[in-house]
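The values are calculated or read from the model by the stated rules, or taken from the named source; none is laboratory data. Quantities reported herein were computed from a predicted structural model and do not represent experimental measurements. Here Cβ is always computed from backbone atoms with ideal geometry, including for glycine, and neighbour counts include all displayed protein chains.
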Amino acid sequence: MTLIRPLAYVIRDAGAIIVFVIVWQLVTVVFSVPAFLVPAPSAIAEALVANVGRVGAALGQTGAEAALGFVGGNLLGLALALIFARSRALERVGLPVAIALRSVPLIAIAPLLTIILGFGPTTIIVMAVLISFFPALVGGASGLRAPSAEALDLMRVLDAPERVRYARLRIPAALPFVFAAFKVTAPASVLAAMVAEWTAANSGLGYLIIDAGEQYRFPLMWAGIVTATMLAVAAFIAASVVERRVISWPVESA
Amino acid sequence: MRRRSVIETAVALVALVVVWEVVARLVGARFPVVPPPSEIAAATARSAYPIWLNLRLTLIEASIGLVAGSALGLLLAAAFVVWPRAEASLYNLVVTIHSIPLVAVAPILLIWFGVGITAPTIVAALACFFPMVVSATRGFRAASQSSLDLMRVLDAPSAQSFLRVRLPASLPFLIAALKIAAPAAVLGATVGEWLGTAGIGYLLFSSMANFQVALLWATMLIAASVAAIGYLAFAGVEHVLVDWHAHGSEA
């Protein structure tokens with residue numbers, strides 16, 4: 001019973017995508033749109049099949065870099081959020097800085113990171129770490145503070161040890177905030193890795209797109225773009241699915 | 001309370017700059033990629049005019065992108081609220097478009113529009129569009145049901161109930177979206193310029209390629225400051241607005 005509704009949504013969304021691709025194909029063929037504007041989906045698919053090895057390798061590389069950065073950035077961010085929750089003084093100085101940095105265009109520092117860390121995967125992974133770090137820190141710190149004063153008082157009255165207060169109250173309260181951050185940073189890590197590949201690599205999806213464009217291989221360029229988009233969407237969906245698995249209680253969305 | 005935290009942050013910043021200067025001077029020879037702040041300041045002063053020319057271009061692109069992207073997002077959100085059926089069919093499309101990485105869009109736009117102001121402006125608009133759609137849709141829905149019912153009982157035209165009830169209720173959400181969109185516009189414009197021939201994004205890329213380390217740092221700090229100013233400006237508006245909201249409504 002519970003499966004039917006999501007299944008219906010999946011079918012509807014898949015249907016919308018298929019219709020979209022068919023219309024795209026028809027428009028490009030009927031109006032003979034030049035490939036440099038928008039190649040036909042069939043041409044993109046052809047380029048994808050012809051270069052499956054190269055696109056696959058690029059996908060694997062970008063996916064691995066983004067995933068490493070995502071995991072590293074979140075571990076660091078959440079660890080620091082726990083420290084902030086213990087020390088009000090640290091939080092008062094650190095949290096405004098973190099909130100400000102969360103909204104600063106970190107991607108703009110890719111050239112700087114490239115000069116500091118050099119040409120190679122380190123720069124790319126660090127870029128993805130930075131993108132994930134600040135939202136995790138801000139989300140974690142605000143989430144750990146989210147329990148109501150009454151709930152915290154109850155824990156105190158019951159003389160619950162610190163460990164229990166965290167396990168039963170603060171961490172469950174923080175989870176919705178943390179997952180909200182995950183849903184933003186999972187696709188953002190892909191974006192960050194791709195930007196860093198412009199400056200610090202000659203492989204990966206970000207580089208593939210630029211390189212194919214510069215060689216006027218537009219179907220290949222679009223094959224890279226479609227692959228990158230699917231990677232980002234998959235990252236978002238994965239975060240949402242895990243969220244639904246983990247948070248089984250009703251949450252008031254902020 | 002607020003003033004105190006501002007002072008603390010300022011002190012922390014000054015301390016950071018001083019420590020950075022000292023450390024960079026001590027180990028400078030081994031880490032030429034992290035110049036002391038004084039050198040970055042000198043590079044800024046030396047290249048002030050070219051930096052300003054590039055910055056001006058980026059500011060123009062980011063501003064147009066912010067206004068256009070937010071306006072489009074607002075219109076679409078209004079359409080979603082007025083015609084809920086539009087939301088059912090378009091929302092997933094909006095999410096899909098949003099998940100196309102901006103970095104992947106930039107090269108396409110560059111091919112379509114050529115080198116110039118158009119491509120970065122569109123990237124900036126795209127970066128602002130999505131936060132505005134999501135936030136504004138939520139904001140228009142945040143209007144209290146009793147106020148909406150009252151408008152219906154009074155037989156107010158739906159345009160009026162939109163302007164008088166939904167729009168004011170959504171203001172905090174719109175400001176929150178602008179707080180995200182303003183720095184995002186700067187980022188979008190910068191990424192759009194990356195492959196171009198002018199603007200802060202170009203300056204970042206070219207100073208990296210030419211190993212002009214101090215200029216690269218200067219450009220990066222300026223880009224970050226501009227984005228931060230955009231954020232803080234709307235955070236200030238939000239602060240004023242929340243005060244007004246807290247005093248103005250008894251509900």
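Assorted remarks:
- A count restricted to region A:64-115 and to residues that are at pLDDT below 80 and either more than 26 Å from B:L232 (Cβ to Cβ) or among the β-branched types (V, I, T) (or both) stands at 5.
- Looking at region A:7-115, the helices (runs of 4 or more DSSP H) lying wholly inside it that each contain 3 or more residues that are under 27 Å from the mean Cα position of the chain (by Cα) and over 28 Å from A:W198 (Cβ atoms) sit at A:52-86, A:88-102.
- Restricting region B:196-206 to residues that are in contact (Cβ under 8 Å) with a residue 12 or more places away in the chain and more than 7 Å from chain A (Cβ to nearest Cβ), the residue that is farthest from B:I122 (Cα to Cα): B:L203
- Helices (runs of 4 or more DSSP H) enclosed by region B:57-169 - at least 3 residues per element that are within 14 Å of another protein chain (Cβ to nearest Cβ): B:84-99, B:102-113, B:118-141
- Residue check, A:F36 under 25 Å from A:I237 (Cα atoms), modelled with pLDDT under 90, exposed (fewer than 14 other Cβ atoms within 10 Å of the Cβ) and within 11 Å of another protein chain (Cβ to nearest Cβ): no
- Some residue of region A:130-137 being in contact (Cβ under 8 Å) with a residue 12 or more places away in the chain and under 14 Å from A:V195 (Cα atoms): yes
- In the set (1) in contact (Cβ under 8 Å) with a residue 24 or more places away in the chain; (2) exposed (fewer than 14 other Cβ atoms within 10 Å of the Cβ); (3) assigned to a helix (DSSP H, G or I), B:L26 fails one condition alone, (1).
- In this structure, A:A136 does satisfy being at pLDDT 85 or above, under 33 Å from the mean Cα position of the chain (by Cα) and closer than 18 Å to A:V97 by Cβ.
Each row is one residue, and each column tells you yes or no for (1) farther than 29 Å from A:F36 by Cβ; (2) crowded, with 18+ Cβ neighbours inside 10 Å; (3) within 12 Å of another protein chain (Cβ to nearest Cβ); (4) under 14 Å from the mean Cα position of the chain (by Cα).
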{"residue": "A:F177", "(1), (2), (3), (4)": "yes, yes, no, no"}
{"residue": "A:T185", "(1), (2), (3), (4)": "yes, yes, no, yes"}
{"residue": "A:L191", "(1), (2), (3), (4)": "no, yes, yes, yes"}
{"residue": "A:I225", "(1), (2), (3), (4)": "no, yes, yes, no"}
{"residue": "A:S240", "(1), (2), (3), (4)": "yes, no, yes, yes"}
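- Identity of the residue in region B:213-243, out of contact with any helix residue (DSSP H, G or I) (no Cβ under 9 Å at 6 or more places or on another chain) and modelled with pLDDT of 85 or more, that ends up farthest from the other protein chains (Cβ to nearest Cβ): B:G236
- In region A:151-175, the residue that is farthest from the chain's Cα centre (by Cα) out of those that are among the small types (G, A, S) and under 16 Å from A:I83 (Cα atoms) is A:A167.
- Filtering region B:75-88 for residues that are modelled with pLDDT under 85 and acidic (D, E) leaves a non-empty set.
- For region B:87-108, the set of residues classified as crowded, with 19+ Cβ neighbours inside 10 Å and over 20 Å from the mean Cα position of the chain (by Cα) consists of B:P107, B:I108, listed by residue number.
- Among residues of region A:199-218, those that are within 16 Å of B:L110 (Cα to Cα), surrounded by fewer than 23 Cβ atoms within 10 Å (Cβ to Cβ) and more than 7 Å from chain B (Cβ to nearest Cβ), counted: 7
- Subset of region B:1-18 [β-branched (V, I, T) and closer than 25 Å to B:L204 by Cβ]: B:V17
- The set of residues in region B:170-192 being within 10 Å of chain A (Cβ to nearest Cβ) and more than 16 Å from B:A136 (Cα to Cα) consists of B:P183, B:A184, B:A185, B:V186, B:L187, B:G188, B:A189, B:T190, B:V191.
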